[in-house]
1. Taking region 1-44 as the region of interest, how many residues are basic (Lys, Arg) and touching a Ser or Thr at 6+ places or on another chain (Cβ under 6 Å)?
2. Of the numbered conditions (1) in contact with a helix residue (DSSP H, G or I) (Cβ under 8 Å, 6 or more places away or on another chain); (2) in the same structural domain as CYS403 (by TED's automatic domain parsing), GLU223 satisfies every one except a single condition; which is it?
3. Name the residues in region 310-323 that are assigned to a helix (DSSP H, G or I) and either of a type outside the set (Lys, Arg) or modelled with pLDDT under 90 (or both), would you?
4. Go through region 51-75 and give me each residue that's among the hydrophobic types (A, V, I, L, M, F, W, C), closer than 23 Å to PRO24 by Cα and not in a loop (DSSP other than H, G, I, E, B).
5. Name the pairs whose Cβ atoms lie under 9 Å apart, with the first residue in region 289-300 and farther than 17 Å from HIS151 by Cα, the second in a loop (DSSP other than H, G, I, E, B) and modelled with pLDDT of 95 or more, and 6 or more positions between them or separate chains?
6. Take PHE99 and decide whether it is assigned by TED's automatic domain parsing to the domain that holds PRO41, within 24 Å of the chain's Cα centre (by Cα) and not in a loop (DSSP other than H, G, I, E, B).
7. Name the residues in region 324-353 that are at pLDDT 90 or above and among the β-branched types (Val, Ile, Thr), would you?
8. Do any residues in region 26-54 that are at positive phi have Cβ atoms under 6 Å from those of residues that are of a type outside the set (A, V, I, L, M), where the two are at least six apart or on different chains, and which pairs are they?
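The values are calculated or read from the model by the stated rules, or taken from the named source; none is laboratory data. For clarity, every value in this text was computed on a predicted model and none was experimentally measured. Here Cβ is always computed from backbone atoms with ideal geometry, including for glycine, and neighbour counts include all displayed protein chains.
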Amino acid sequence: MIEYSRFELSNGLRVLVHEDNSTPMVAVNVLYDVGSRDESPERTGFAHLFEHLMFGGSANIPDFDDPIQMAGGENNAFTNSDFTNFYETLPAENIETAFWLESDRMLSLSFDPKVLEVQQKVVVEEFKETCLNQPYGDAWHLISDLAYREHPYRWPTIGLVPAHIEEATLQDVRDFFFRYYRPNNAILTVAGKVKPELVKALAEKWFGDIPRGETPPRRLTAEPPQQQLNRLVQRANVPVEALYLAFHMPGRLHPDYYAADLLSDVLCNGQSSRLFRRLLKEEQLFSSIDCYVTGSVDPGLLIIEGKPAEGVSIETCRDAIWRELDLLKNERIGEHELEKIKNKVESNLIFSEISILTKASSLAFYEMLGDADMINTEGESYQNVSAEDIQRMAREMLTEENCNELVYKPLEVVEQE
């Protein structure tokens, strides 16, 4: 059981504290409830751009990294489709350094044209390096576009095209910041060797005077149910063929999310999982195979991806996967198989609780979802999933009309044809 206290400042900043005296360190985490799903289709990649801009200097602090390093700490951040997260770990006696830094960049970034230009170049270069110049690098662009027609998950976090970042103006950046990076759209969590009373005092001192913003409305278009198989063959500079099958699944707060997540584990989590054991080890049809879920707040995707073994065709691999999916729909999952999967999930949850940083970020995530106590009930939610629940989700989700298929073929295949 992870115990925590919670309070809210008058400007709307939510604060959660977990005291852990087993460590001399403390983790400070600030989650902003904004991700790529909140962007305009004409201005994608902004949440990711801000992950970079937030390290480029703020109202009173020209450099973010030096003070945290001088305090013996480390910092980083990440962005996804649903939220943006910043964090520091440092010795508990230096906790106020993190509060000072985080509050100053929440107060106001340094809207310097030179900083914007530098970070635009960094983000565009990252786009080119990871998406355009890397084999299979545009897979998520292609899968998102196949699977989504209406919902903003149809573009990846890094953005649709580099031009959306290249053409961003200082006014665009300013407007986005003061719309989303306000205390009433943020969650501050602290875990480690710290007293809740101290956190409350520091939160009031450093964040209490930051004005709240207007609560940004979130009117996302729900993705309509998919009615037919979507298929794309992509000729690209890749070393070998690759196959991706993406199926729509429930969102993070749906009761069936846990069954869908365990379904992905049944298929491919560990060497005894079905796809790995049968198709890679026994039949040797694949050189690699995996299955995972996006875990997004709104309805996401379960993805199976694999690369054929030498001499094996994509068609053979596709047929083998569908054969296994049909078996799963029609054959009851054994108690031993289900228990093994649940034990692995439970051990992962328990192991994650060792890290104060994971506890701080998890508290923030669950608070964003609407119930911070999910940090203590997630394990039970997985344990309550039955074999029948998983089989039901397999029958509902793993159908041809709910499937989006992406196939990569090397460019030299075109020359041979």
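1. So the count comes out to 1.
2. Among (1) in contact with a helix residue (DSSP H, G or I) (Cβ under 8 Å, 6 or more places away or on another chain); (2) in the same structural domain as CYS403 (by TED's automatic domain parsing), the lone unmet condition for GLU223 is (2).
3. If the condition is that a residue be assigned to a helix (DSSP H, G or I) and either of a type outside the set (Lys, Arg) or modelled with pLDDT under 90 (or both), then ILE314, GLU315, THR316, CYS317, ASP319, ALA320, ILE321, TRP322 are the ones that fit.
4. Within region 51-75, ILE68, MET70 meet the criteria.
5. VAL293/MET249; VAL293/GLY300
6. Details: assigned by TED's automatic domain parsing to the domain that holds PRO41: yes; within 24 Å of the chain's Cα centre (by Cα): no; not in a loop (DSSP other than H, G, I, E, B): yes.
It is false that PHE99 is assigned by TED's automatic domain parsing to the domain that holds PRO41, within 24 Å of the chain's Cα centre (by Cα) and not in a loop (DSSP other than H, G, I, E, B).
7. Those that are at pLDDT 90 or above and among the β-branched types (Val, Ile, Thr): ILE333, ILE341, VAL345.
8. GLY45/GLY159; GLY45/HIS164
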